[in-house]
Amino acid sequence: MIELHRIRTDKKAIIDGLHKRGLSNAEGLIQAIYNLDIEKRAIQLQLDNLSATLNKLNQEIADVLRKKDPAATLEAKKEESNQLKKKIKQLAEKFKAHGSDLLAQLYTLPNLPHESVPAGSHADDNVIIYQTPRMVVKGGSAHWDLVKKYDLVDFELGNKITGAGFPVYKGKGAKLQRALINFFLDQALKAGYTEIQPPILVNEASAYATGQLPDKEGQMYQIASTPFYLIPTAEVSITNIYRDAIIAESALPVKHVGYTPCFRREAGSWGADVRGLNRLHQFDKVELVQIAHPDYSYAKLEEMLTYVQGLVEQLALPYRVLKLCDGDLGFCAAMTYDIEVYAIAQDKWLEVSSISNFETFQSNRLSLRYKDKTKKTCLLHTLNGSGLALPRVLAALLELNQTPEGIHIPKVLQPYTGFDIID
RNA sequence: GGAGGGUUGGCAGAGUGGUUUAAUGCAACGGUCUUGAAAACCGUGGUACUGUUAAAAGUACCGAGGGUUCGAAUCCCUCACCCUCCUCCA
């Protein structure tokens with residue numbers, strides 16, 4: 001959520017930032033919030049003054065009673081208090097309405113892009129900042145054929161048990177995926193991340209705090225019996241550990257890694273992109289979360305990017321790094337790098353990681369702060385990145401490493417799989 | 001699922017209708033003393049909002065939301081969470 005004081009003090013910069021993201025009506029939206037804020041403060045001033053008067057009046061009543069004065073003035077004061085209370089109640093309702101209105105409007109605004117984010121309105125405008133030098137030549141069977149041939153993933157079974165997009169991993173397919181999870185977790189531990197196993201259902205407050213609500217309500221699965229949501233990413237649960245928290249500066253940066261299943265309705269997705277493991281309703285992901293001091297959060301973003309590149313390189317997958325343009329940024333992000341691996345048989349780039357700095361966008365909703373040297377409480381920066389999303393890595397690995405004899409397992413995974421070939 | 005007890009500042013813990021602007025203790029921070037430290041003593045106290053050049057000052061917050069009352073941490077209702085016992089269970 002954009003900080004209100006920035007709208008008060010630097011309206012133009014906010015409007016410009018939103019324009020970059022393609023919000024053509026930014027000016028109207030911001031002006032409405034600006035006006036609402038002024039009105040709200042005027043109401044608060046009145047309200048506070050009336051409350052102060054009421055408090056004094058009640059004290060006077062107490063004094064009258066204590067002195068056991070003839071209570072001639074008592075009823076009059078009570079009546080006055082009642083009148084005042086009526087006024088306060090009306091005003092308080094107006095104040096509350098303004099507050100929730102203001103919040104609702106602020107909630108709908110996406111984050112502002114960092115100044116270094118490339119201009120653009122479509123995914124085509126994203127900038128490729130790195131690509132594996134020696135490009136493999138496309139060819140071979142697509143992974144959806146390979147998993148059938150070697151009985152690694154069964155989509156039909158998933159259809160039967162749940163529905164489309166909920167595959168069943170079997171035998172060496174299941175073992176390979178588990179090997180990847182453990183490999184990713186171990187690598188993260190080595191890089192100084194602390195492992196978390198969070199709940200995969202979250203309440204409404206959590207979903208608001210990290211920005212899934214109200215923006216992506218339709219993309220999450222809801223529980224019918226309870227107002228809970230299945231997490232679309234571990235980021236939601238892990239970041240919410242720090243909701244309503246003040247962290248000591250000495251404890252920064254906070255670095256967490258967590259493995260969870262992720263659930264996405266993917267409403268509106270269709271076509272060839274959803275084939276096989278490319279896009280699922282349930283998938284596994286190892287997620288990295290960092291909470292960093294504002295002064296060096298961008299250094300942490302680069303650190304995370306380098307770290308995730310290291311993972312893909314150890315798996316010997318061809319990949320590229322994109323810096324997302326203004327128009328393709330996620331709702332909460334100020335800057336995002338995507339890492340895409342090349343699926344050789346499909347001849348497609350598959351996004352396996354998205355690494356973002358949210359700056360204060362989430363911490364403002366979370367109320368996640370630290371105390372600076374002058375003891376002032378300030379918002380922290382939150383970051384996250386996938387490290388990595390499992391099914392697409394699996395798909396790319398299978399397609400890349402297929403041979404007539406079988407599918408070879410990358411060296412770094414063999415200690416985890418216990419086998420070096422799927423045949 | 002059933003019954004009972006609870007939720008107060010960083011922590012512990014008093015407080016059952018009006019000097020509670022929440023006692024007291026611990027921890028913390030600042031100071032005095034000291035060569036330095038400890039101890040002792042003195043002082044400061046959270047969060048958010050409004051307000052101001054800066055202050056001052058004001059308002060709200062005792063799990064959340066509502067209600068009763070001139071006045072609620074305190075009484076009533078709803079909900080969440082925690083503890084104990086019973087039941088069930090990986």
Scan segment A:63-76 for residues that are more than 7 Å from RNA strand B (Cβ to nearest atom) and assigned to a helix (DSSP H, G or I) and jot them down. A:Asp63, A:Val64, A:Lys67, A:Ala72, A:Thr73, A:Leu74, A:Glu75, A:Ala76
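To keep it simple, each residue is scored yes or no on (1) part of a strand (DSSP E or B); (2) touching a strand residue (DSSP E or B) at 6+ places or on another chain (Cβ under 6 Å).
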residue	(1), (2)
A:Thr382	yes, yes
A:Gly387	yes, yes
A:Pro391	no, yes
A:Leu394	no, no
A:Leu397	no, no
A:Ile407	yes, yes
A:Gln414	no, no
A:Phe419	no, no
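So if I check each of A:Ser100, A:Ser116, which one is within 12 Å of RNA strand B (Cβ to nearest atom), within 27 Å of the chain's Cα centre (by Cα) and either at pLDDT below 90 or surrounded by fewer than 16 Cβ atoms within 10 Å (Cβ to Cβ) (or both)?
After applying the criteria, what remains is A:Ser100.
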The one condition A:Ile422 fails out of (1) surrounded by 23 or more Cβ atoms within 10 Å (Cβ to Cβ); (2) closer than 30 Å to A:Tyr296 by Cβ; (3) more than 16 Å from RNA strand B (Cβ to nearest atom) is (2)
The residue from A:Tyr242, A:Tyr221 that alone is in contact with a strand residue (DSSP E or B) (Cβ under 8 Å, 6 or more places away or on another chain), over 20 Å from A:Val289 (Cα atoms), surrounded by 15 or more Cβ atoms within 10 Å (Cβ to Cβ) and of a type outside the set (Val, Ile, Thr) is A:Tyr221
Note on segment A:209-255: residues within 13 Å of RNA strand B (Cβ to nearest atom) and either part of a helix (DSSP H, G or I) or not charged (D, E, K, R) (or both) are A:Ile223, A:Ser225, A:Thr226, A:Pro227, A:Phe228, A:Ala245, A:Ile246, A:Ile247, A:Ala248, A:Ser250
Hey, among the residues in segment A:50-62 that are more than 6 Å from RNA strand B (Cβ to nearest atom) and surrounded by fewer than 12 Cβ atoms within 10 Å (Cβ to Cβ), which one's nearest to A:Lys87 (Cα to Cα)? A:Lys56
Would you mind finding the one in A:Gly327, A:Gly276, A:Gly271 that is of a type outside the set (Ser, Thr, Tyr), closer than 24 Å to A:Arg178 by Cα and at pLDDT below 95? A:Gly276
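Going through A:Gly330, A:Gly310 one at a time, which residue ends up being surrounded by fewer than 20 Cβ atoms within 10 Å (Cβ to Cβ), under 25 Å from A:Ala209 (Cβ atoms) and away from RNA strand B (no atom under 16 Å from the Cβ)? Full working, then the answer.
Numbers: A:Gly310 fails: under 25 Å from A:Ala209 (Cβ atoms).
Result: A:Gly330 is the single residue among A:Gly330, A:Gly310 that is surrounded by fewer than 20 Cβ atoms within 10 Å (Cβ to Cβ), under 25 Å from A:Ala209 (Cβ atoms) and away from RNA strand B (no atom under 16 Å from the Cβ).
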Examine segment A:184-192 for a residue that is among the charged types (D, E, K, R) and at pLDDT 90 or above, and state whether such a residue exists. yes
Among the numbered criteria (1) within 15 Å of the chain's Cα centre (by Cα); (2) of a type outside the set (Lys, Arg); (3) closer than 23 Å to A:Asn278 by Cβ, which one does A:Asn357 miss? (3)
Under 6 Å by Cβ, and 6 or more places apart or on different chains, what pairs join a residue from segment A:354-376 that is farther than 22 Å from A:Glu303 by Cβ with one that is within 11 Å of RNA strand B (Cβ to nearest atom) and aliphatic (A, V, I, L, M)? A:Asn364/A:Leu379; A:Arg369/A:Ile246; A:Arg369/A:Leu379
Given the conditions (1) at pLDDT below 90; (2) outside the structural domain of A:Gly310 (by TED's automatic domain parsing); (3) closer than 30 Å to A:Lys348 by Cβ, every one holds for A:Pro133 apart from (2)
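The values are calculated or read from the model by the stated rules, or taken from the named source; none is laboratory data. As the structure is a computational prediction, the values presented were derived from the model and not from experiment. Positions of Cβ are backbone-derived with ideal geometry, glycine not excepted, and every protein chain shown enters the neighbour counts.
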